[in-house]
Amino acid sequence: MPAVHQVSKDRREFYRRIDKAHVAPLWEVLHTLVTPEPKTPCQPVLWQWKTMLPWVLESGKLISTKEAERRVLVLENPGLRGLSRATHSLYAGLQLILPGEIAPAHRHSQSALRLIIAGEDAYTAVEGERVTMHVGDFIVTPSWTWHDHGNPGAEPVIWMDVLDLPIVELLDAQFMERPGVESQTTTRSEGQSYARYGHTMLPIDFKPRSKTSPLFWYPYRRSRDSLAELARSEDPHPCHGHKLQFVNPASGGPAIATIGTFVQLLPKGFRGRSYRSTDSTIYCVVEGSGRVRLGEQTIAFEAKDIFVVPSWMKHQLEADADTVLFSASDRPVQQALDLWREAEG
Ligand code: 1HN
């Protein structure tokens, strides 16, 4: 048996030789590649509205939507700085559109959602149809659909964007196009998608264009009413309170093929039991206040704050007032690949 130092010298020399040909020994990295449990770089983080709002408004003085294309402050996870990621698989940002501004049309392979946080009367147009957005509304922009935004109203409008950028980047499947005109011509009057797909019915000749929902506006008043009715009629789930998932009404699948979207009501005084799942999740507090306990760490949140719970981290949700949380994660991707796990306790 050669001496230990001789073995390590021989190995190092071997690694040097094979390295020149772009070859490496697995046994040096196996245990970091295959771990007993998820080992995410994503960290718990809170972006408080009271901190973000002045910065978002300041960005409105520094650059126009025309110059920026999209005037957004990116929410970067502290464990993933410089990568434009809120979690390892999802991008999130706060977008501002001032009265009179237009964010020009474009389309890309990435799917997007908007969750309206502040201000009334801005619109988004998807494939020639506008929808006027209200606080709490959830808007879907499917992959490869033309979309632009505008604010004909009198106040600044701010929303959270979530996109599947890191997922599309992982797969190197991204395309992007600009039409060369500022905003798309409106080809349908407002409310067409909602009339066809928003009432548990479908047009008689409906043929799906994609896996993503043909309904692109999920108004908050409807989801809020549903949550209120659940709260009147059933006990809350011990971990989630009253929780619903947004679906594509034509398939029953997720509203967006790559991004799971949820809304939950935590009744006043709710003290959730411990829960974890493999989908790192971005939460936006639509109403109320409370906290999420993650082991030693406690994140106290208020209305309009955004926070992240990383993959497989045990956490408990608590509410001081009736609290509504919107959330987004990569759950549909994990489920499609038979990877998703959850555990209570
Ligand atoms: C995008 O298209 C929008 O359309 C917002 O509002 C944020 C971030 C990265 C790439 C594309 C939008 C985006 C984006």
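Here is a check on your reading of the model: is residue 130 open to solvent by 40 Å² or more (accessible area, probe 1.4 Å) and assigned to a strand (DSSP E or B)? In short, yes. Within the range 207-225, being open to solvent by less than 20 Å² (accessible area, probe 1.4 Å) and in contact with a helix residue (DSSP H, G or I) (Cβ under 9 Å, 6 or more places away or on another chain) holds for 213, 215, 216, 219. Looking across the range 236-276, the residues that are without any contact (Cβ under 8 Å) to a residue 60 or more places away in the chain and either of a type in the set (Gly, Ala, Ser) or at positive phi (or both) come down to 250, 251, 252, 269, 272. The C-beta contact set for the range 154-174 (first residue touching a residue at least 40 places away in the same chain (Cβ under 8 Å), second residue within 12 Å of the ligand (Cβ to nearest atom) and among the aromatic types (Phe, Trp, Tyr), distance under 6 angstrom, 6+ apart or interchain) comprises 163/91; 165/91.
Taking each residue of the range 86-105 that is under 17 Å from residue 186 (Cα atoms) and looking for partners that are within 9 Å of the ligand (Cβ to nearest atom) and acidic (Asp, Glu) with beta-carbon atoms closer than 8 Å, six or more apart or interchain, yields 102/148; 103/69; 103/148; 104/69; 104/148; 105/148. Cβ separations smaller than 7 Å between residues 6+ apart or across chains give the following pairs from the range 64-76 residues that are more than 11 Å from the ligand (Cβ to nearest atom) to residues that are charged (D, E, K, R) and open to solvent by 30 Å² or more (accessible area, probe 1.4 Å): 76/85.
The values are calculated or read from the model by the stated rules, or taken from the named source; none is laboratory data. This structure is a prediction, so every number in the text was calculated from the model and none was measured. Methodologically, a virtual Cβ is constructed for each residue, glycine included, from the backbone with ideal geometry; neighbour enumeration extends over all protein chains shown. With ligands, DNA and RNA removed, areas are computed over all heavy atoms of the protein, side chains included. Shrake-Rupley method; radii C 1.70, N 1.55, O 1.52, S 1.80 Å.
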